[in-house]
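The values are calculated or read from the model by the stated rules, or taken from the named source; none is laboratory data. These numbers were taken from a predicted model, which means no experiment stands behind them. Glycine gets a Cβ as well: all are built from the backbone with ideal geometry, and neighbour counts include every protein chain shown.
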């Protein structure tokens, strides 16, 4: 990750050097061969323990990491991302900006969907329109909002006209999975029952039991090459201890999101190994800055407050000062985290060198609360998931304790991601834990999603669940999104970041260091987006 030099404890055992030696990351993984579970016919099955369940197989319905990772096995995108979130050819072999608003994509020929139908520009246009228009609690419109028109001069050429300069359009296109044009009216239940889940990707859906298992078979005609795994079994195993136990007992070949307190068990067993990689995921706290009276904050006696204290920047700053980010990184995350000052570590595109990790100063926090009229504090509930992010429940509990020490009597309320995600998207909470995988490698994507003023039609603020709004931030972000020059755009994005974090729009906590565990012989090219993709697993 730019701007961060990992210490030895963070060094990954994955095969990441191959790309630098002239070999792609996928070729490096495939070169390792395969020795997973042997099937009756002699083929190999790879068994992956997932830390969080997907909620749908509809690739355009709800954008979150579990859904997008699973969809990547079945559906391709026009542009694909390598482990460092760099854009590479996918179903589009090349793309050219002929002007600030006109992009021409040359599509890969000879590609077929797994039902035998050929892939053409019509499929791409239908997919982009559906992703843009489908109602969702976590819409993909963030990535399609700039598209004005699409035309296909021939079956393998796609011309996209944008309604203004969009320098990051190719990166955005990597988020949209391509379905058959004939499935344009397919419903989400039809994707979930398998009838609509037909793509051009590396695997074919064989069985989907929501919340239980996803069985995939190798696509023998995949344009990306022959994969070593005849079958892949994806199993949601949300309990950290249970997921690790299943690996150690031989039920999984590789698992994701190994909790820091369990890494010792893997190190002690010579049959298994840890695989580490620095992620682009920022973990943060979101605050209700929209409602005049917020539901989960009361006075010390439990009575509703006349006004929402989180709308006062002094209170938000006090809460930030009350958090020891280093203590969370060291103790809760046991070193597998880097304290955060902004959306990405310094040095990444669109970050600001002027932003430092917020200080820990509980005395100053108390003084600010008194200045804002809350010398006696108040009561508050922090909500969070207990099965989505690394140590998520423990983070919520630790922050609650820190707030209580400055006079804000705080209760932690955690719940399964399947419940939490829907409630959070409806902005039900007053104060809650969130995280965002910055899959673009630069800050415009999370600025648009998390901090821009909500505008569903424009695809802005789709995950701004605290409904923060700042016209100065919006102004710089909008200008950045029209700026084709990289240096000028990154300067504007850095200025927008400074506005957000000096106003305590959200409270960044840390960037996760992702930890996988696998049997000896397994390799994995760790990804900044934290996805666990079978195409990257070797061994």
Legend entry - Subset of segment 507-521 (residues that are over 30 Å from residue 310 (Cβ atoms) and modelled with pLDDT of 95 or more): 516, 517, 518, 519, 520
Inset, instruction - Select, from 313, 322, 337, the only residue that is under 20 Å from residue 384 (Cα atoms), more than 20 Å from the chain's Cα centre (by Cα) and touching a residue at least 24 places away in the same chain (Cβ under 8 Å). - result: 322
Inset, instruction - Exactly one condition in (1) surrounded by 14 or more Cβ atoms within 10 Å (Cβ to Cβ); (2) under 30 Å from residue 450 (Cα atoms); (3) modelled with pLDDT under 95 is not met by residue 5; state its number. - result: (1)
Legend entry - When residues of segment 190-217 are limited to those that are outside any loop (DSSP other than H, G, I, E, B) and in contact (Cβ under 8 Å) with a residue 60 or more places away in the chain, the one surrounded by the fewest Cβ atoms within 10 Å (Cβ to Cβ): 192
Inset, instruction - With the checklist (1) out of contact with any helix residue (DSSP H, G or I) (no Cβ under 8 Å at 6 or more places or on another chain); (2) closer than 29 Å to residue 388 by Cα in hand, flag the one item residue 491 doesn't pass. - result: (2)
Legend entry - Residue match in segment 343-355 (condition: in contact with a strand residue (DSSP E or B) (Cβ under 8 Å, 6 or more places away or on another chain) and within 19 Å of residue 401 (Cα to Cα)): no
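Restricting to segment 361-373, what's the tally of residues that are surrounded by fewer than 21 Cβ atoms within 10 Å (Cβ to Cβ) and either in contact with a helix residue (DSSP H, G or I) (Cβ under 7 Å, 6 or more places away or on another chain) or closer than 27 Å to residue 257 by Cα (or both)?
Total meeting the criteria: 5.
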Legend entry - segment 117-137, subset in contact with a helix residue (DSSP H, G or I) (Cβ under 7 Å, 6 or more places away or on another chain) and buried (at least 19 other Cβ atoms within 10 Å of the Cβ), residue nearest to residue 464 (Cα to Cα): 131
Inset, instruction - Can you tell me which residue within segment 377-394, out of those that are at pLDDT below 95 and out of contact with any strand residue (DSSP E or B) (no Cβ under 8 Å at 6 or more places or on another chain), is nearest to residue 236 (Cα to Cα)? - result: 387
Inset, instruction - Those residues that are more than 17 Å from residue 180 (Cβ to Cβ), in contact with a strand residue (DSSP E or B) (Cβ under 9 Å, 6 or more places away or on another chain) and outside any helix (DSSP H, G or I), I need them from segment 110-139; list them, please. - result: 136, 137, 138, 139
Legend entry - Boolean, residue 493 is assigned to a helix (DSSP H, G or I), modelled with pLDDT of 95 or more and either assigned by TED's automatic domain parsing to the domain that holds residue 168 or over 30 Å from residue 51 (Cα atoms) (or both): yes
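Being more than 27 Å from the chain's Cα centre (by Cα) and surrounded by fewer than 21 Cβ atoms within 10 Å (Cβ to Cβ): is that true of residue 114 here?
Spelling it out, residue 114 is indeed more than 27 Å from the chain's Cα centre (by Cα) and surrounded by fewer than 21 Cβ atoms within 10 Å (Cβ to Cβ).
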Inset, instruction - Mind listing whichever residues of segment 499-519 are over 22 Å from the mean Cα position of the chain (by Cα) and part of a helix (DSSP H, G or I)? - result: 499, 502
Legend entry - Of residues in segment 459-468 being assigned to a loop (DSSP other than H, G, I, E, B) and either buried (at least 17 other Cβ atoms within 10 Å of the Cβ) or not assigned by TED's automatic domain parsing to the domain that holds residue 289 (or both), the one nearest to the chain's Cα centre (by Cα): 463
Inset, instruction - Check 387, 353 and return the single one that is surrounded by fewer than 18 Cβ atoms within 10 Å (Cβ to Cβ), in contact with a helix residue (DSSP H, G or I) (Cβ under 9 Å, 6 or more places away or on another chain), in the same structural domain as residue 494 (by TED's automatic domain parsing) and not in a helix (DSSP H, G or I). - result: 353
Legend entry - Candidates 453, 440, 483 - the one that is closer than 19 Å to residue 101 by Cβ and part of a loop (DSSP other than H, G, I, E, B): 483
Inset, instruction - Please work out which residue is surrounded by the most Cβ atoms within 10 Å (Cβ to Cβ), limiting yourself to segment 65-97 and to residues that are at pLDDT below 95, touching a strand residue (DSSP E or B) at 6+ places or on another chain (Cβ under 6 Å) and not in a strand (DSSP E or B). - result: 65
Inset, instruction - Identify, by number, the condition in (1) farther than 16 Å from residue 509 by Cβ; (2) touching a strand residue (DSSP E or B) at 6+ places or on another chain (Cβ under 8 Å) that residue 366 doesn't meet. - result: (2)
Inset, instruction - Tell me, please, whether a residue that is modelled with pLDDT under 95, outside any helix (DSSP H, G or I), within 22 Å of residue 464 (Cβ to Cβ) and touching a strand residue (DSSP E or B) at 6+ places or on another chain (Cβ under 8 Å) can be found in segment 176-187. - result: no
Inset, instruction - Give segment 414-437 a look and list any residue that's touching a strand residue (DSSP E or B) at 6+ places or on another chain (Cβ under 6 Å), free of Cβ contacts under 8 Å to residues at least 40 places away in the same chain and outside any helix (DSSP H, G or I), or say none. - result: 414
Inset, instruction - Mind listing just one residue for me: the one in segment 394-413 that is free of Cβ contacts under 8 Å to residues at least 60 places away in the same chain and assigned to a helix (DSSP H, G or I) and, of those, surrounded by the fewest Cβ atoms within 10 Å (Cβ to Cβ)? - result: 401
Legend entry - Whichever residue in segment 153-173 is at pLDDT 95 or above and part of a loop (DSSP other than H, G, I, E, B) and, among such residues, is surrounded by the fewest Cβ atoms within 10 Å (Cβ to Cβ): 155
